Amino acid sequence: MKPNTSSSATRREFVKSSALAGGALTAAVHFPHVANAAAAGDKIKIGWVGCGGRGTGAANQALNADSNLVMWSMGDIFQDKIDSGLESLKKEQAKNPEKVSVAASRQFTGLDAFQKVLNSGVDVVLLTTSPGFRPQHIKAAIEAGKHVFAEKPMAVDGPGVRSVMESIKLAKQKNLALVDGFVWRWTTANRDAFAKIHDGAVGDIQAIYSSYYTGAVDRYPKWNRTNTKTDLEWQIRRWYYFTWLSGDHVVEQAVHSVDKLMWAMKDEPPESVICTGGRQVRSGEAGGEYGNIYDHFSAEYKWASGVKGYHFTRQFDRCHGEVTERVYGTKGVYEGESGSKRHVITGENRWRWAGDKTQNGYQTEHDEMYASIRAGKPLNTGDRFIKTTLCAIMARMAAYTGKEITWEMALNSKEDTFPKDIHWDMKLPVAPVARPGSTPFI
């Protein structure tokens, strides 16, 4: 993930270039045999990179999205992840065993496993590793001519964002699908609610609120410094707690709620953000069991129109929990609660969502992706997913440094968090826990 050496990007240029890229379609290039195929007889081979929990869900949902798909190859740094992921996949697909055909020769481990998956004859790749690897993997997959499903977020720093922006453009030129895992964008209840907002049901937007209050259960109780062999293994095993791998929880988890802010604003980037945060329950200096991430953030975004967006997230056990959003307008207020199917508008245009409560956005994102591939019109949702990713990253930057961070600052940041010359036995000291007022913006 090397910094973009072109001239500095601005917020206006970012929006303009995204729109122009959205209009670009295919050139005379070679792409997979399914890229323009509508026939159900063409079998689509899937490669899966990053075989953990969310990846297992995505893999099953992908196989359920089309009648003629096969899981062809798998890659992970660790063999035990492949073993558990494959076992789960076979169990879930017990009625369709032919959909899981991952020979031992197509199970790849190590830091280069993703490249071996790309070279194994697949048409589509699922990228569900820890997000620090996402820009590198997206770039390699698109350059190799593969359709891509990528879990959120798409990057953890400015150089990563710029890399993904280039991959988005290339995917459009090659007519390749590049689809995200921002699940609420694919959920009918939210789609219906935000369509109402965009149609003026709450009037002119004045302010937006979102929250992601959740617990802080230890994600990796079996992995510590005594049963991991190297610095790199320890950090990847406990990836959530290291900023270079997760982006911190405001980027990895609460980005779903940041996405609601962006959605309400029709994906117009904010001008700037001020954010506070820290470690209140994750005690200890960097290098302990909780790495170097924070456990709470509070952000105030500002848009050129005068709209402000407020986002709050924390990971505290035994505390009040909720994942909600509110949009305040001149004619009413929208209130939504993720997972509860509660979506209401009060004021002049009263409305309550009463649609199909069994609809599953996790499945829809794959259904629509594979349908688009079959139709020869592959989806590319990159223009919006990269904006949401950067919007979350700039909040972390603001909290870590204590500075007001503009969109241009975040987009052009030279802080490349990914280790240089990464290899298994490298010495990899943990970056200090950020201290606002002392940690510099880079």
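Every read-out reported here was derived from the displayed coordinates using simple, explicitly stated rules and does not represent laboratory data. What you are looking at is a predicted structure, and each value in this text was computed from that prediction instead of being measured. Here Cβ is always computed from backbone atoms with ideal geometry, including for glycine, and neighbour counts include all displayed protein chains.
Checking the a/c ratio against 1.5 first, then a/b against b/c, what shape does the Cα gyration tensor give for segment 35-176? Oblate, because a/c is 1.5 or more while a/b does not exceed b/c. Given the chain reduced to its alpha-carbon atoms as identical point scatterers, what log10 I(q)/I(0) does the Debye formula return at q = 0.07 Å⁻¹? For the chain at q = 0.07 Å⁻¹, log10 I(q)/I(0) is -0.33.
Residue separation times 0.36 nm, minus the C-alpha to C-alpha distance between His423 and Ile442: what's the value?
Result: 4.3 nm gained on full extension.
Taking other residues whose beta carbon is less than 14 angstrom from the beta carbon of Phe316, and scoring Lys, Arg as +1 and Asp, Glu as -1, yields 0. Projected onto their three principal axes, the Cα atoms of segment 267-370 cover extents of 50, 37, 33 Å, largest first. Between Gly145, Gly55, Gly339, the GNM of the chain built on Cα springs shorter than 10 angstrom shows Gly339 fluctuating the most. Of the listed pairs Lys91/Lys116; Lys152/Lys260; Lys308/Lys331, which have alpha-carbon separations greater than 22 Å here? Violating the 22 Å Cα-Cα cut-off are Lys91/Lys116. Residue ranges 221-231, 239-249, 310-320 sort as 239-249, 310-320, 221-231 when ordered by packing (mean number of other C-beta atoms within 10 Å per residue, highest first). Each part reduced to its alpha carbon centroid, segment 56-108 and segment 119-146 end up 16 Å apart.
Determine the calculated [θ] at 222 nm for the chain from helices alone, applying -39500 (n - 2.57) to every DSSP H run no shorter than 4 residues and normalising by the residue count; nearest 500 deg cm²/dmol.
Numbers: 14 runs with 146 residues, N = 442.
So the calculated ellipticity at 222 nm is -10000 deg cm²/dmol.
Label reach from Lys229 (point 7 Å along Cα→C-beta): in segment 83-119, amide nitrogens under 15 Å belong to 109-112. Label separation (Glu87 vs Ala207): 5.1 nm, computed from points 7 Å beyond Cα along the C-beta direction.
Determine, for each peptide in 102-111, 369-378, 352-361, the mean count of other beta carbons within 10 angstrom over its residues, then list the peptides with the highest first. Mind dumping the intermediate values first?
Numbers: 102-111: 15.0, 369-378: 19.5, 352-361: 12.4.
My ranking of the peptides, most packed first, is 369-378, 102-111, 352-361.
Roughly speaking, what is the stretch gain from Asp80 to Glu337, that is 0.36 nm per residue apart minus the C-alpha to C-alpha distance, in nm to one decimal? Show your work: numbers first, answer last.
Numbers: separation 257, 0.36 × 257 = 92.52 nm, distance 3.62 nm.
Here the answer is 88.9 nm.
Ranked by the mean number of other Cβ atoms within 10 Å of their residues, highest first, the peptides 397-406, 266-275, 124-133 come out as 124-133, 397-406, 266-275. Applying 0.36 nm per residue to the separation of Asn68 and Ala431 and subtracting their alpha-carbon distance, the gain on full extension is 126.1 nm.
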